[in-house]
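See below for the structure under consideration.
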Amino acid sequence: MSIKLLLGLRKIKAISDYQFDTEITDIIFDDFENIRIEHSKNTGKIKHIYNRDNLILTLRPTVGFFTLSLFSAKKIIEKTRAPKLRAVVLTEISEFIKKGRNVFCKHVIAIDENLRPMDEVIVVNQEDDLLAIGKLKIPVSYVKTFKSGVAIKIRKGIYNSKSY
């Protein structure tokens, strides 16, 4: 393994530990030997992280944090208990969320108490089936009490993805 790759992995894991916590980092990077880092051609900075050919994380350069992919969300769901890093929504609205529609406060049944606004969120239904990934827009306490308004802005639903 090259020095550049080792330093890149160290930086990536440090950001992931801070953003998600060490448990999630260990889940995402469980197949350490097959991690591949893609750098920006213009800046040389880390852009995408892959496990074999599956995108697991994208580094957003403006904020320095990761966005999850559907692949990494699925890994997290399989290895953690709900509602860790997730929002559980009514099963009846699953089809809308899968299409990439936003999640409203009134549809959230349970949500990870440790999430903060602008955090990555995995959206699942009551059976813990992956529906989408997105970003929490308001504090968790508001999500629980508000009866209207957007709680999670969906970035990608499973229907508007080529694969996951």
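Conditions tested, residue by residue: (1) in contact with a Cys (Cβ under 8 Å, 6 or more places away or on another chain); (2) assigned to a helix (DSSP H, G or I); (3) under 16 Å from F20 (Cβ atoms); (4) of a type in the set (A, V, I, L, M, F, W, C).
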| site | (1), (2), (3), (4) |
| --- | --- |
| T62 | no, no, no, no |
| T67 | no, no, yes, no |
| P83 | no, no, yes, no |
| A87 | no, no, yes, yes |
| E95 | no, yes, no, no |
| R101 | no, no, no, no |
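Select from segment 145-164 the residues that are more than 17 Å from S94 (Cα to Cα), in contact with a strand residue (DSSP E or B) (Cβ under 7 Å, 6 or more places away or on another chain) and surrounded by 14 or more Cβ atoms within 10 Å (Cβ to Cβ) and list them in ascending order. Listed by number, the list is empty, since nothing qualifies. Looking only at segment 126-149, how many residues end up being in a loop (DSSP other than H, G, I, E, B) and over 23 Å from I56 (Cβ atoms)? Looking only at that region, the number is 9. Determine whether segment 90-98 contains at least one residue that is outside the structural domain of G134 (by TED's automatic domain parsing) and among the small types (G, A, S). So far as segment 90-98 goes, no, none of its residues is outside the structural domain of G134 (by TED's automatic domain parsing) and among the small types (G, A, S).
The values are calculated or read from the model by the stated rules, or taken from the named source; none is laboratory data. Note that the structure is predicted; figures quoted are calculated from it, not measured. Methodologically, a virtual Cβ is constructed for each residue, glycine included, from the backbone with ideal geometry; neighbour enumeration extends over all protein chains shown.
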